[in-house]
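Okay, so here's the structure we're looking at.
Values quoted throughout were computed directly from the atomic coordinates according to the rules given, and no laboratory measurement underlies them. Being a predicted model, the structure only gives us computed values, none of them experimental. Quick reminder, even Gly has a Cβ in these numbers, built from the backbone with ideal geometry, and neighbours come from all protein chains shown.
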Amino acid sequence: MRRPLIFLQPFWFFFLTMNVLAQNKAGIVSGPMLGQVESRTACIWVEVTNTTKSVSLRYWKKADPESTRTKVFPDDKVGDFKPVQIEIGGLDFNTTYQYMIMVNGVDAGSGGEFTTKDLWQWRKPVPDFSFLTGSCAYYNEPAFDRKFTNMISLDQPARPYGGDSSIFEAMARTPAAFMLWLGDNWYTRDVDYNSKWGLWYRASRDRSQPALQHFLKVMPHYAIWDDHDYGPDNANKSYALKEESRKIFSTYWCNPSYGENGQGIYSKITYGDADFFLLDDRYFRSSDNMEAMIGGKPNPSKRMWGPVQVEWLKNGLINSLATFKFIVTGSQVLNPVATNDCLQHYPVEFNELIQFLGEEKISGILFLTGDTHRSEIIQHKRAGSYTLYDITTSPLTAGVSRLSDNVRNNAFRLPGTLVEVQNFSRISISGKAGERTLKVEYLGISGGKLAEWSVNENELNIPVEKK
């Protein structure tokens, strides 16, 4: 049975709404949001109204107002949507800074603080840290929302597809180094994805939701996309507005890079002793309906990531010295009972990846995925090597899946990890070097624990061959 939808308390919703309205009056549509924060640099994102002429960031070391500096971003954009990224450098490592946003030279009454990364390499033990993940964030807009397909009549009032947005307040209260969005971070509607304006509108409108605003500024945010924030359902490389979607994604997020040679949005981030390979599962993707096998062999034309991105990933994995190497992608990778949206349905790339990991003896591999509207951890056992794990987290606010018996009884799922309500995950890495442990906690709308699993780094090492 679907869990009943729980909505924000009237007073809390009123407070959040009034806060956003106040921001609009001050020239801010949404944000600020923390982007990439490194040892000596930081990126602050904010969207301002289309009448804004200039945006400034005033920042200083906490408790040291004499250190105040200002970075001016002249806003010469023309159009209805004005997201702005302000990058600052020359910061001190392991230092907390405070900042305020200035719009047209006036304090917009919106700001926050951030702490730069510590310089621990060659000096201190590797730091313990946690990060949050999640996917499938649907924000209701009744005029354009989908109706549930199980309704007897389309003339009946539809229940909202989007769930309780207070989950973002629980996420804001959960201590973490950063948030990693796993795709479907907003949902384009039928009225959106055939026009450039519609795509920009959806990103702008959904980013401005009141329940999101506090969460956006309490920790850095990184993201990949999946079909719904790229374009239509199951969109692939044939999507006519893919270039515009890429432009919007790179404008509304602050990842360190977006693909290569102007194609795709894949990138890499590092935190502590973990590397995160952020993959693009849409820009290069063949149609899901393309035949996976031809003449009993994998169809070389059916690809999810594409040859260029796969080569980039391979070289990055070989070069990585990280204890844990996360391959982050929108669709599941290891689930053999998935009916669609899984790398298993793209066997030429799936087989190539598994073979590569074995031949190159890559240790510490874990997959982070979303999309499924349920959370679970899928295992893939390999002869002569360690077990691979696919950690799926979904949904944040979108509808929860109704599972078939085949999916519910999936023998490849780790027992006790199926979650069928709104949730997010907190992944923690701790312990001394050589004995690091990774713990996954699935947390619900109010932050309560729903499921837990952990693995030691030594369980993800290539077995030593006996002489």
Please go through the range 387-457 and write out the trypsin sites (Lys or Arg not before Pro) that DSSP classes as loop and that have at most 15 other C-beta atoms within 10 Å. 402, 432
Estimated inter-spin distance, residue 311 and residue 403, nm [label 7 Å along Cα→Cβ]: 4.1
Roughly how compact is the range 31-120, stated as its Cα Rg over 2.2 N^0.38 Å to two decimals? 1.09
Additional length obtainable on full extension of the chain from residue 66 to residue 430, 0.36 nm per residue less Cα span: 127.3 nm
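Averaging sequence separations of C-alpha pairs under 8 Å and six or more residues apart, then dividing by the length of the chain, give the relative contact order as a whole percent.
Answer for the chain is 14 percent.
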Estimated vicinal HN-Hα couplings, Hz - the range 211-225 in sequence order (Karplus 6.51, -1.76, 1.60; Gly, Pro = x): 5, 7, 4, 5, 4, 4, 9, 8, 7, x, 10, 10, 7, 10, 10
State the Cα centre-to-centre distance between the range 188-212 and the range 45-113 in whole Å. 24
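When only C-alpha pairs under 8 Å and at least 6 residues apart count, what is the relative contact order of the range 243-286, in percent?
It rounds to 25 percent for the range 243-286.
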Interchain or sequence-distant (5+) residues whose placed amide H lies within less than 5 Å of the amide H of residue 117 are 38, 39, 94
For the chain, rounded, prolate or oblate, judged on the Cα gyration tensor with a ≥ b ≥ c (square roots of eigenvalues), a/c < 1.5 rounded, else prolate if a/b > b/c? oblate
In the chain, with Lys and Arg counted as +1 and Asp and Glu as -1 at Cβ, which of these residues, 198, 142, 100, has the Cα nearest the positive end of the dipole, that is, farthest along it? 100
Full-extension gain in nm, residue 196 to residue 113, via 0.36 nm per residue minus C-alpha separation: 26.5 nm
Across 53/217; 82/237; 268/314; 82/196; 62/217, pairs whose alpha-carbon gap is larger than 18 Å: 53/217; 82/237
Given H placed 1.01 Å from N in the peptide plane, which residues other than close sequence neighbours of residue 108 have an amide H under 5 Å from its amide H? 101, 102, 103
Euclidean distance of C-alpha centroids, the range 285-332 and the range 354-381, integer Å: 12
Counting DSSP beta bridges with both ends in the chain, the antiparallel % (nearest 5): 75
Cα lying deepest toward the dipole's positive end in the chain, options 388, 59, 110, charges on Cβ: 59
Charge dipole (debye, nearest 20) of the chain; +1 at Cβ of Lys and Arg, -1 at Cβ of Asp and Glu: 400
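For the range 370-467, calculate the relative contact order in percent as a whole number, restricting contacts to Cα pairs under 8 Å that are 6 or more residues apart.
Numbers: 184 pairs, mean separation 24.9, N = 98.
Reported as a whole number, the value is 25 percent.
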Looking at the chain, which longest stretch skips every one of the GluC sites (Glu not before Pro) that is in a DSSP loop with at most 15 other Cβ atoms within 10 Å, leaving the sites themselves out? 1-290
The range 215-272: which chymotrypsin sites (Phe, Trp or Tyr not before Pro) are DSSP loop and have at most 14 other beta-carbon atoms within 10 angstrom? none
With 19 Å as the limit, write out which pairs from 325/449; 124/432; 325/439 have Cα-Cα distances beyond it, or answer none. 325/449
For the range 97-248, share of DSSP beta bridges that run antiparallel, in % to the nearest 5: 45
